[in-house]
Amino acid sequence: MPDFKTEVRERLSRLNLEPTREAAIVEEMAQHLEQRFEELVARGMGRATACDTVLKELKEGTRLEKELLQVERQVRVEPAEPAAPGLGSTLAHLQKDLRHAMRSLRLNPAFSAIAILSLALGIGANTSIFQLLDAVRLRSLPVKDPQELALVRVSNSHGRSGNFRGNFPYFTYPIFERIRDQQQAFSGMVAWNSVGFNLASGGRSRNIRGMYVNGDFFNTLGILPVAGRVFSRNDDQRGCGLPGAVISYSFWQKEFGGKTSAIGSKIPVEGHPVEIMGVTPAEFYGVEVGRGYEVALPLCSEPAIDGESQVIDRVDGWWLAIMGRLKPGWTMARATAQLEAISPAIFKATLPARYQSEMAKQYLGWKMEAVPAASGLSNLRRTYEDPLWILLAIAGTVLLIACANLANLMFARANAREREIAVRLALGASRFRLVQQLMMESLLLSAVGAVSGILLAQVLTRILVSFLNTQFGSVVLDLGLDWRVLGFTAAIAILTCLLFGLAPAIKATATPPIVAMKAGSRGVTAGRQRFGLRRALVVVQVAMSMVLLVGAFLFVRSFQNLVNLNAGFRQTGMLVAEFDFTQLNIPPGQRNQFKQQIVDRLSALPGVDSAAGVWIIPVSGSGWNDTVHTNTSGQEVREVSDFNRISPGFFKTTETPLIKGRDFGPEDRLGSPAVAIVNESFVRKFIKDKDPLGSTFRVDEGAGVPESVYQVIGVVGDTKYRDLREDFNSIVYVPLAQDKKPDAGVPVLLRSSLSVDSLTSAVEHSMGEVNPSIGINFSVLRTQIRDTLQRERLMASLSGFFGFLAGLLATIGLYGVISYMVARRRNEIGIRMALGADRTRVLALIMREAAILLAIGLAIGAGLSLASTRAAASLLFGLKPHDPATMALAAVSLTAVAVAASYFPAFRAARIHPTEALREE
Amino acid sequence: MPTPALDRELKKGSAELLVLSLVEDRQRHGYEICKLIESRSAGALRFNVASLYPMLYRMEKRGWIQGRWVDKAGQRRRRYYRLTASGRKVLRAQRTHWQSFVAAINQIAGIENA
């Protein structure tokens, strides 16, 4: 059979058709010619004659070429015609690229699954943390025009003394009244105090989140009730008693099922029935982010609720935070100026008589200012803002490491498609278009990863929030997706797409086509240039993992330090029972006795090892301090010391060692000499070398009041007072029984080995026998103390998790690169082994490669750690950021996993059969 | 016997109709189409490689016929063409057109139908 294909090809050669098209035409026409030839031969024509005839038919003039050219030219021109050039063709290209990308990913399910999973986890974690940050820091209050709100505060306040209540005790009521009347910058003022209300009438307390608010609170914030009405100025007049309460939407749903009959019904607040006036909308949670509210009372109701311990008229009763809505046209600066102008008169009029000259001078010099308050105030923010930013940085780093892995994967895929890309480049495809097509895959992966990430983030955020809850109540946050969160997710999705997609795409199209097509099946993938980039990526991964591991170890060790800290007393096994016997109306003169009776009764309960009354519960964040004045061996010391009031048996209950002297006893009561027990820090600070027992010291009682004198009868070991993180301060213990102004309640510490439930019911039962109207609030001391460590627990858990994840990703990256290197050098290894290298040498060769990468990575990582961990210094305890032991630990861990990761490919390399390796090309 | 010039004219006008009607009932490959035209016209109409395939490709680009490679057991793959939906419409239109054209010619030139 003559070769008709060549003939046809020759005729078509001048047409410059696309190779596949040309091949198809050639095949078809050649078949036709062959059949024609066979037909002629079958008819009896000679082979040569038949061949000539067939070829003559083919070569009829230039007809074939002319016709085909016309047809094929139409073919080439046609796609450009539809729609307008530019936008139309771009959209068509994008659509085509998208379909192509989807198909390509579908055909590689393993790769796609790994990529999408890594992206979903990385993007999801970042989005989750950002979502929390957004809710805690960035979001505005759910009120009308929050940007018009200004927080009023004193710009230069130093020491104040008096009674402090609530989360933001910035001002007293007398100061507030004067600001309200004399300010000009604000169209409305907002004043509030966050407090807990007990809704139970006797027995175990039922605490809810409450607040006192001024009459204009809701109106200024633009909050309209969904049922009933909210407070107005008339509801907040001095001496109002209990005109009514405004409740939150969630409380309304929970307590009353959302029925309108709730309006007008009464709820018992601290034993007083209060009528419900109205309900606020569902999205309003108050003005403190992270803390919701349930019941609000007007400021003027505070005396009715607090009775003897009311603060409303006290010039040293600090409990209110104040905001104002700027009048149209007023700026923060102008408001500040006006507030500064009225400051001197206000503080002069409200100067507490108690203040000594130094403190008085400072007080009179206070200046007020206005600062933006669109995002309200927040305790949660104070505690968690910095940790959240650090966690975001950590999560971002993990995402970068994941991107490096993805980039390596994309490089590997690009290698496999080298020939295809080279052919297309040779045929005239523009490099830009090819890069575009390759990027479409990355874009698709990022998009799917981002959407999965957002969904995953909703779950992760809820988990994160659960870390922030304490036994006293859960965190209330608006976690809806707003434009900031979605924008953040979109931005990091695009960024990750560029990071792991662009470099491989550009590199893939950079190879000269002729080189790619000439080379064997392994192609130019062996190019040193490209491999260098992959090695650099692994080094970067190792470095970043080092930073994250160092951070993780720092936080974990910090948390451990706090948990295992010796607080000076035994934290476990103690229950705190806070008793409130206001309802019993016991006259003040008999209260100390009553308190001791409660303690004695509880000590006698079966299963209770000991019990003691106290004023300040250890490590609860509250405190009492006063200025102590001593004059020992001619040296005068005038310093602040912490104080506490306790009953006998306190040191036994808390297992604080009594070092010298004695505990309080029944002889220490009102009328007996004022005695005190001090701790070792106090001795060091105030008494120094003299024998403490029997020495005396004086306590400041305020201007114009004589100092109190105390005699030291005992010395105890140091204990933590307010917070585990502070140093051991000097503490003075004075007897509960010598309290000159006892209030109608006492916290009692109980040490027992009973279970919490058994103990609480025993206590409830016992106190119920005394009088069922006594209110009781229980908490486990150890849990309460652990709750103060939540921030550290959050950092330890999450940074540990991320550190582990980073190490895992870096290990995978290292494994991938080493495996790849081994595969690439199979030939070389085969030759070496054929020439006499034994397995150990091959092993060493590979491991050395890995070791070099690891060493460089660790060195860079160590440098980065030193630079970056400084930012976390304030969150650490018992360690410095440059702690060498921690860095060594991180380096060793990474080395261990790196060795494991590179061992397997190295082992495989050593098992290569030289002849097989050499045979492979 | 038609003159070469007339032959070409007739062919040009009718070729597409011929091809479309040949693939109406079943798919055929190029050589088959070529032979059928020759046999059914008793040799009056004849195509060869150089004239057939450009036409087939043109009709394929227009979407009137669709070609695809078919593998049959024991044979090399061949390219078969079949009529598409739009091709069917075109066939119907061209048939009608031809019928009216032929009728008009008859009318004018007085040719009696056999």
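The table below gives the values:
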| quantity | calculated |
| --- | --- |
| Hits in region A:879-894 - residues which are open to solvent by 40 Å² or more (accessible area, probe 1.4 Å) and in a helix (DSSP H, G or I) | A:PRO884, A:ALA885, A:ALA888, A:LEU889, A:VAL892 |
| The one condition in (1) modelled with pLDDT of 85 or more; (2) within 11 Å of chain B (Cβ to nearest Cβ); (3) open to solvent by 90 Å² or more (accessible area, probe 1.4 Å) that A:VAL54 fails to fulfil | (3) |
| Which numbered condition A:TYR815 fails, given (1) hydroxyl-bearing (Ser, Thr, Tyr); (2) within 30 Å of A:SER620 (Cβ to Cβ); (3) buried (at least 20 other Cβ atoms within 10 Å of the Cβ) | (2) |
| Which listed residue is crowded, with 19+ Cβ neighbours inside 10 Å and over 23 Å from the mean Cα position of the chain (by Cα), from A:ALA872, A:ALA909 | A:ALA909 |
| Answer from A:LEU805, A:LEU754, A:LEU794 - the residue that is over 30 Å from A:MET847 (Cα atoms) and in a helix (DSSP H, G or I) | A:LEU794 |
| Residue satisfying condition, being in contact with a helix residue (DSSP H, G or I) (Cβ under 8 Å, 6 or more places away or on another chain) and at pLDDT below 90, within set B:LEU83, B:LEU45 | B:LEU45 |
| The listed residue being farther than 20 Å from A:PRO747 by Cβ and outside any loop (DSSP other than H, G, I, E, B), out of A:ILE659, A:ILE677 | A:ILE659 |
| Pick from region A:600-642, criterion among the aliphatic types (A, V, I, L, M) and in a loop (DSSP other than H, G, I, E, B), ranking: most open to solvent (accessible area, probe 1.4 Å) | A:ALA604 |
| Qualifying residues in region A:16-46 (those that are free of Cβ contacts under 8 Å to residues at least 12 places away in the same chain and small (Gly, Ala, Ser)) - the one nearest to the other protein chains (Cβ to nearest Cβ) | A:ALA24 |
| Qualifying residue in region B:90-106 (condition: in contact with an Asp or Glu (Cβ under 9 Å, 6 or more places away or on another chain) and within 13 Å of chain A (Cβ to nearest Cβ)) | no |
| Within region B:45-85, considering residues that are out of contact with any Leu (no Cβ under 9 Å at 6 or more places or on another chain), of a type in the set (A, V, I, L, M) and open to solvent by 20 Å² or more (accessible area, probe 1.4 Å), the one nearest to B:ARG28 (Cα to Cα) | B:VAL70 |
| Residue ID - farthest from the other protein chains (Cβ to nearest Cβ), chosen from residues in region B:31-44 that are open to solvent by less than 30 Å² (accessible area, probe 1.4 Å) and touching a strand residue (DSSP E or B) at 6+ places or on another chain (Cβ under 9 Å) | B:ILE33 |
| Search result, residues across region A:80-107 that are modelled with pLDDT under 80 and surrounded by 15 or more Cβ atoms within 10 Å (Cβ to Cβ) | A:SER89 |
| Some residue of region B:15-30 being at the interface with chain A (Cβ under 8 Å from one of its Cβ atoms) and in a helix (DSSP H, G or I) | yes |
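Yes or no, residue by residue, for (1) modelled with pLDDT of 80 or more; (2) open to solvent by less than 50 Å² (accessible area, probe 1.4 Å); (3) in a loop (DSSP other than H, G, I, E, B):
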{"position": "A:CYS497", "(1), (2), (3)": "yes, yes, no"}
{"position": "A:LEU502", "(1), (2), (3)": "yes, no, no"}
{"position": "A:ALA510", "(1), (2), (3)": "no, no, yes"}
{"position": "A:VAL538", "(1), (2), (3)": "yes, yes, no"}
{"position": "A:GLN541", "(1), (2), (3)": "yes, yes, no"}
{"position": "A:SER545", "(1), (2), (3)": "yes, yes, no"}
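The values are calculated or read from the model by the stated rules, or taken from the named source; none is laboratory data. These figures come from a predicted structure and were not determined experimentally. All Cβ positions, glycine included, derive from the backbone under ideal geometry; neighbour counts span all protein chains shown. In case anyone asks, the SASA skips ligands and DNA or RNA and just uses the protein heavy atoms, side chains included. Shrake-Rupley method; radii C 1.70, N 1.55, O 1.52, S 1.80 Å.
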